[in-house]
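Below is one structure, written out as structure tokens, with a few remarks after it.
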Amino acid sequence: MNTMIHVEGLKVTYGRGAHRVPAVQDVTFDVGEGECVGFIGANGAGKSTTMKALMGFLYADAGVATVCGHPAGAPEGRRSVGYLPEVAVYYPFMKARELLELYGTLGGMSRRDLRARIPEVLEEVGLPGRGNELLRTFSKGMQQRLGIAQALVARPRLLVLDEVSSGLDPLGRHDLRILLHRLKSNGCTLFFSSHELSEVESLCNRILMIDRGRIIREIAQRDLQAIGHERSLESFFISVVRGEAPRHG
């Protein structure tokens, strides 16, 4: 199995001098080709910081991070990645089609390919026929769907999705789950964070739990099934973070 994400001893801090605050501390993990790995933790645990470091938007203080065999942030690697940030802000007077044209071009697609691909990806995320509408008319949920579309438009080998279901209503979360299952079945590698733990549990081969900038637990699929026989992933996660269950293993 090829390694799509490799992280070893990653450390990221914010601030300067005596005011430096550790956000990620000695984080190490791999994601193999075709895997679906969930990344869960409380607000401020270090999920978004780790993902931004993978994309090259933050410089690590120490450690190694590679994406698709290239150093984090390298153009060669980023062309193979679709990324959804935790908070996506788009120019309000841009049309949805124009946004997807921009991201598709950055992903190496031709105009001819984009003419066929854009209606297709809008359909996939539940926004059929909305390509010529201004983004200022889109609700939060519609903007989240469009953010997923921009991550998918260039058919990446790897998806890095931060709080993928944020702002989606129950129907939107249902549609998203079906879409992610289809992408997984087609061999796309998924690394995503979500506070919807039932979504994580149903999709993932493995789950990484992060707390206060450190990986505190890795859960394989067989262990997920064992947990599911006794209690929900949510209650298990809370017990681990609160120290009521072993943090490693």
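The values are calculated or read from the model by the stated rules, or taken from the named source; none is laboratory data. All values reported here derive from a predicted model rather than from experimental measurement. All Cβ positions, even for glycine, are placed from backbone atoms using ideal geometry, and neighbour counts span all protein chains on display. Just so you know, the surface numbers come from the protein's heavy atoms only, side chains and all, with ligands and any DNA or RNA stripped out. Shrake-Rupley method; radii C 1.70, N 1.55, O 1.52, S 1.80 Å.
Results, tabulated for the structure shown:
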{"item": "Whichever residue in region 70-84 is more than 12 Å from residue 158 (Cα to Cα) and in contact with a strand residue (DSSP E or B) (Cβ under 9 Å, 6 or more places away or on another chain) and, among such residues, is surrounded by the most Cβ atoms within 10 Å (Cβ to Cβ)", "result": "72"}
{"item": "Region 201-237, subset within 21 Å of residue 85 (Cα to Cα) and among the basic types (Lys, Arg), residue surrounded by the most Cβ atoms within 10 Å (Cβ to Cβ)", "result": "214"}
{"item": "In region 176-200, the residues that are over 14 Å from the mean Cα position of the chain (by Cα) and open to solvent by 60 Å² or more (accessible area, probe 1.4 Å)", "result": "178, 181, 182, 185, 186, 198"}
{"item": "Leading residue by the ranking (nearest to residue 24 (Cα to Cα)) among those in region 51-69 that are within 16 Å of the chain's Cα centre (by Cα) and open to solvent by 60 Å² or more (accessible area, probe 1.4 Å)", "result": "52"}
{"item": "Which listed residue, of 44, 73, is free of Cβ contacts under 8 Å to residues at least 12 places away in the same chain and either among the aromatic types (Phe, Trp, Tyr) or not in a strand (DSSP E or B) (or both)", "result": "44"}
{"item": "Residue under evaluation residue 119, criteria (1) at pLDDT 95 or above; (2) open to solvent by less than 70 Å² (accessible area, probe 1.4 Å), criterion not met", "result": "(2)"}
{"item": "Matching residues in region 146-204 - criterion: being assigned to a helix (DSSP H, G or I), free of Cβ contacts under 8 Å to residues at least 12 places away in the same chain and under 26 Å from residue 77 (Cα atoms)", "result": "182, 185"}
{"item": "Members of region 206-227 that are closer than 16 Å to residue 36 by Cβ and either modelled with pLDDT under 90 or of a type in the set (Gly, Ala, Ser) (or both)", "result": "220, 221, 222, 223, 224, 225"}
{"item": "Tally, over region 110-135, of residues that are in a loop (DSSP other than H, G, I, E, B) and under 22 Å from the mean Cα position of the chain (by Cα)", "result": "3"}
